[in-house]
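A.B. asks: Sharing a structure here in structure tokens format.
The values are calculated or read from the model by the stated rules, or taken from the named source; none is laboratory data. From a predicted model like this one, the values you see are computed outputs, not experimental measurements. In this analysis, Cβ positions are derived from the backbone assuming ideal geometry, glycine residues included, and neighbour counts consider all displayed protein chains. Heavy atoms of the whole protein, side chains included, go into the accessibility calculation; ligands, DNA and RNA do not. Shrake-Rupley method; radii C 1.70, N 1.55, O 1.52, S 1.80 Å.
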Amino acid sequence: MPKYRPKGCKCSGKRRYISSGISNNEDCIDICTNPVCGTSDDLTLLAPVVYDEIGINLCREVPITGTLPTTGYPLNASVQILDVTFPEEGGEQTGVSRIAGRPNCSLVTLTNLSVTFAITIYDCAKRIVDTLTETAVYLPSGPEAADYEYYDPETNPSDVELEIFTPYGLTYKDGNVNSPVLNYIGFSTTNSMLTQGLNMIAIPKILNFDTDTPSMTIGISVYVKSVYFSQYLVPHNGRAVVPKGNIIPDEDTICMDFVSGDLLDYEIKPLELCAPKFEERLKNDCEECDPCCSPLVEQEPDVTVPVTEPEEADGA
């Protein structure tokens, strides 16, 4: 007869689930206790995918407050953007909001972008002589904002609005749904990370370098990207090999042989349930050594035995 659980009683046992990697392995009895069997033909990759993106170009003159070298003219320069921040004071603010009636899209308003540049100065022989840090505000919102004297309605307006496709939502600061975040990806240890949601990067270019003023005309390309992590199946074509820098050895030692040799790498090895082998012995040379789990056997000393031809039987 079927058994019925009394009304009001609950099961105290926990329900257990196992992953597909454990359950869908026909070549192994149990991969949790046995060596890994073979190599997978396909692996799962979790990757950030750009679902939508939009970019604009901005340009303004940036005064150089640092001191330029007095020798090595004509000077040259290159520029890199370390950080872009969105000040919360001194005018309007950069913000992100949902578009009413269009739930799959968002409106990004860019204004008062405080851009920090790393400017590398080269002399006439292309040698680095100095690296300067300068900060300039792009898209000044109004007369009360910093660097408003560099406002230009065509090349450096007060603000811009960008519509972008955000099908899986936005990222919020500390989980506060009233504070959607636009993450900037730069070259500082505090901002070099990609996050899920809206991300922004900026690429600079020096258009003019005036060493007399001194100042630079710097154009920047600002990209806003809608990024979400998605899962894909990729074929497993073997592990990549990291190229090794070579040196010229000046002495023949085992340490020098190691330093000049290939790089070490971790490998997934079968479980060794007995005493480990010496690392100086190759793992694939087991035919030249005793089985690692066999009992110890005293070996007889080598004795040379003369080889004689077998005697022929009588009457042969």
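A.B. asks: Could you figure out which of (1) assigned to a loop (DSSP other than H, G, I, E, B); (2) more than 21 Å from TYR150 (Cα to Cα); (3) open to solvent by 30 Å² or more (accessible area, probe 1.4 Å) isn't true of GLU53?
C.D. replies: (1) is the only condition that GLU53 fails.
A.B. asks: Additional query: What do you reckon, is ALA118 part of a strand (DSSP E or B), in contact with a helix residue (DSSP H, G or I) (Cβ under 8 Å, 6 or more places away or on another chain) and under 20 Å from THR217 (Cβ atoms)?
C.D. replies: Values: part of a strand (DSSP E or B): yes; in contact with a helix residue (DSSP H, G or I) (Cβ under 8 Å, 6 or more places away or on another chain): no; under 20 Å from THR217 (Cβ atoms): yes.
Criteria not met by ALA118.
A.B. asks: Oh, and also: Would you check if GLY72 is open to solvent by less than 50 Å² (accessible area, probe 1.4 Å), at pLDDT below 95, assigned to a loop (DSSP other than H, G, I, E, B) and closer than 24 Å to SER188 by Cα?
C.D. replies: no
A.B. asks: Right, here's the next one. Considering (1) surrounded by 10 or more Cβ atoms within 10 Å (Cβ to Cβ); (2) among the hydroxyl-bearing types (Ser, Thr, Tyr); (3) at pLDDT 75 or above, say which one THR39 fails and leave the rest.
C.D. replies: (3)
A.B. asks: Go over the candidates LEU132, LEU82 one by one and state the one that is under 23 Å from ILE203 (Cα atoms) and open to solvent by 30 Å² or more (accessible area, probe 1.4 Å).
C.D. replies: Answer to the check: LEU82.
A.B. asks: Related question: Of the residues that make up segment 221-238, is at least one buried (at least 19 other Cβ atoms within 10 Å of the Cβ) and more than 30 Å from LYS173 (Cα to Cα)?
C.D. replies: no
A.B. asks: Right, PHE229: of a type in the set (Phe, Trp, Tyr), out of contact with any Lys or Arg (no Cβ under 7 Å at 6 or more places or on another chain) and farther than 20 Å from VAL49 by Cβ or not?
C.D. replies: It is false that PHE229 is of a type in the set (Phe, Trp, Tyr), out of contact with any Lys or Arg (no Cβ under 7 Å at 6 or more places or on another chain) and farther than 20 Å from VAL49 by Cβ.
A.B. asks: Only residues that are of a type outside the set (S, T, N, Q), in contact with a strand residue (DSSP E or B) (Cβ under 7 Å, 6 or more places away or on another chain) and within 19 Å of VAL62 (Cα to Cα): list them for segment 153-172, please. Don't jump to the end; show me each part of the working.
C.D. replies: Initially, segment 153-172 is screened for residues of a type outside the set (S, T, N, Q), giving 153-154, 157, 159-165, 167-170, 172.
Narrowing further to those that are in contact with a strand residue (DSSP E or B) (Cβ under 7 Å, 6 or more places away or on another chain): 159-165, 167-168, 170, 172.
Across segment 153-172, the qualifying residue is only ASP159.
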